[in-house]
């Protein structure tokens, strides 16, 4: 299970409306890479894939493939509204360490 905060939900709605390209949700995936071993990727998607888990708050949808879900299960997805560090924040309880830039992590 992944929890979306109110800030993340609002940002997903805002970006989908601004983009106006037919997307219905945001995909969170994990791929090998970065200086700590794994990194998060975000992609706007028109629809979930058949085997995706779909998490939703107030109509904002997050799609996660089964392989990525094993690594991010229990995560809280937030959105930082500060001017300097604006962006999605992934609070992953499985991350044992993160790199200095906060983009990659190890499990």
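Numbers for the structure displayed
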| quantity | calculated |
| --- | --- |
| Those residues of the stretch 71-107 which are over 21 Å from residue 60 (Cβ atoms) and either at pLDDT 90 or above or in contact with a helix residue (DSSP H, G or I) (Cβ under 8 Å, 6 or more places away or on another chain) (or both), in sequence order | 71, 94, 107 |
| Some residue of the stretch 27-43 being free of Cβ contacts under 8 Å to residues at least 60 places away in the same chain and out of contact with any strand residue (DSSP E or B) (no Cβ under 7 Å at 6 or more places or on another chain) | no |
| Which listed residue is surrounded by 16 or more Cβ atoms within 10 Å (Cβ to Cβ) and either closer than 17 Å to residue 2 by Cα or at pLDDT 95 or above (or both), from 43, 64, 54 | 64 |
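The values are calculated or read from the model by the stated rules, or taken from the named source; none is laboratory data. Fair warning: this is a prediction, and the values are worked out from it, not measured in the lab. FYI the Cβ positions are ideal-geometry reconstructions off the backbone, even for glycines, and counts take in every protein chain you see.
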